[in-house]
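Engineer: Structure provided below as C-alpha cells; questions to follow.
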C-alpha cells in the first residue's frame, strides 16, 4: 500500500518515513512523490481549534486529491500557564510575517516574553501531535495521538531541532530537544510517539 504522508516539511517527512518503513507492505510517500503541487488552498486547511480537526481536514483534502490512503498530522505546543496556548497556532504564534528560522526565533521570543515572571514549577508544557488516517473516500477517520511532557526555559539552549525545541526542556533527558541527537529526540518526541502508534494501527495491533 502506498501511504501518502501529507506534509511539506522535509524534517517531518524524513522522520515519519523512517518509522512507517518498518510496517510490512506499506510504502510511505510524500506530496511531491504523489505529484501534488503546492496550492493556495493549502493555506485554509487548518481553520479549527483542535489538533484532531485540523489533521482530519488535511487528510481528507489530500486523500481526495490523490485517491491514496493518507495520514496527516497537526502538531503544536501547549503551555499550561498560557491555558494551552499556542496550541493549534504554534506555527504562527508571534505577531508579524516572518518565515522559516526567523519565524521560529520570533515565536520563541514571544513565548519567553509571555512567561516572564512565571516560576519554574509553573512553566510546564507538552508537545502534542494528532494524526488522522483516511484510507479511502467515505471511510471513517481513525486518529492516534502522541504527547511529550516538558518545561519551558527562560532562554534557548542547543543548536539542533527546530521550532520551540531550544526552549523545550525534557526532565528525563536533562536537556532541551535542541541539545539531543535527532535519533534520541525522535524516540521521545510527540510526533515519533504518534506515528509509532499509527504504525501499530497499520499492523492491526490497535
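Engineer: Six or more apart or on different chains, Cβ atoms under 7 Å: show the pairs whose first residue is in the stretch 52-67 and on the phi < 0 side of the Ramachandran plot and in contact (Cβ under 8 Å) with a residue 24 or more places away in the chain and whose second is surrounded by fewer than 20 Cβ atoms within 10 Å (Cβ to Cβ) and part of a helix (DSSP H, G or I).
Structural biologist: Partner pairs satisfying both residue conditions: none exist.
Engineer: Hey, among 84, 64, which residue is under 30 Å from residue 33 (Cβ atoms) and either over 14 Å from the mean Cα position of the chain (by Cα) or surrounded by 21 or more Cβ atoms within 10 Å (Cβ to Cβ) (or both)?
Structural biologist: Answer to the selection: 64.
Engineer: Determine whether the stretch 163-173 contains at least one residue that is closer than 30 Å to residue 65 by Cβ and part of a helix (DSSP H, G or I).
Structural biologist: Scanning the stretch 163-173, I find no residue that is closer than 30 Å to residue 65 by Cβ and part of a helix (DSSP H, G or I), so the answer is no.
Engineer: Here's another thing I want to ask about it. Would you be able to say whether some residue in the stretch 104-117 is modelled with pLDDT of 95 or more, surrounded by fewer than 17 Cβ atoms within 10 Å (Cβ to Cβ), on the phi < 0 side of the Ramachandran plot and in a loop (DSSP other than H, G, I, E, B)?
Structural biologist: Yes, some residue in the stretch 104-117 is modelled with pLDDT of 95 or more, surrounded by fewer than 17 Cβ atoms within 10 Å (Cβ to Cβ), on the phi < 0 side of the Ramachandran plot and in a loop (DSSP other than H, G, I, E, B).
Engineer: Right, here's the next one. Checking residue 174 against (1) farther than 21 Å from residue 89 by Cβ; (2) surrounded by 16 or more Cβ atoms within 10 Å (Cβ to Cβ), which single condition isn't satisfied?
Structural biologist: So residue 174 meets the others, but not (2).
Engineer: Just to be sure, is residue 93 within 16 Å of the chain's Cα centre (by Cα) and at pLDDT 95 or above?
Structural biologist: Taking the combined requirement at face value, the residue does not satisfy it.
Engineer: Moving to a separate point now. Which ones in the stretch 20-45 are surrounded by fewer than 18 Cβ atoms within 10 Å (Cβ to Cβ) and closer than 19 Å to residue 130 by Cβ?
Structural biologist: If the condition is that a residue be surrounded by fewer than 18 Cβ atoms within 10 Å (Cβ to Cβ) and closer than 19 Å to residue 130 by Cβ, then 42, 44 are the ones that fit.
Engineer: So which pairs qualify, if the first residue must be in the stretch 182-206 and free of Cβ contacts under 8 Å to residues at least 40 places away in the same chain, the second must be assigned to a helix (DSSP H, G or I), the Cβ gap must be under 6 Å, and the two must be at least 6 apart or on different chains?
Structural biologist: Every condition considered, the pairs that remain are 185/177.
Engineer: Here is a list of conditions, (1) in contact with a helix residue (DSSP H, G or I) (Cβ under 7 Å, 6 or more places away or on another chain); (2) part of a loop (DSSP other than H, G, I, E, B); (3) surrounded by fewer than 20 Cβ atoms within 10 Å (Cβ to Cβ), and residue 95 meets all of them except one; can you say which number that is?
Structural biologist: (1)
Engineer: Still on this model: Select, from 159, 120, the only residue that is closer than 19 Å to residue 15 by Cα and loosely packed, with under 14 Cβ neighbours inside 10 Å.
Structural biologist: Testing whether each residue is closer than 19 Å to residue 15 by Cα and loosely packed, with under 14 Cβ neighbours inside 10 Å leaves just 159.
Every residue, every condition in (1) out of contact with any strand residue (DSSP E or B) (no Cβ under 7 Å at 6 or more places or on another chain); (2) under 22 Å from residue 196 (Cα atoms); (3) at pLDDT below 95, yes or no:
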residue: 9; (1), (2), (3): yes, yes, yes
residue: 12; (1), (2), (3): yes, yes, yes
residue: 39; (1), (2), (3): yes, no, yes
residue: 50; (1), (2), (3): yes, yes, no
residue: 63; (1), (2), (3): no, yes, no
residue: 71; (1), (2), (3): no, yes, no
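Engineer: If you don't mind, there's one more thing I want to ask. So residue 130 clears everything in (1) assigned to a helix (DSSP H, G or I); (2) buried (at least 22 other Cβ atoms within 10 Å of the Cβ) except one condition, right? Which one?
Structural biologist: Of everything listed in (1) assigned to a helix (DSSP H, G or I); (2) buried (at least 22 other Cβ atoms within 10 Å of the Cβ), residue 130 misses just condition (1).
The values are calculated or read from the model by the stated rules, or taken from the named source; none is laboratory data. No experiment lies behind these values; they were computed from the predicted model shown. Positions of Cβ are generated from backbone atoms using ideal geometry, with glycine treated the same way; all protein chains shown enter the neighbour counts.
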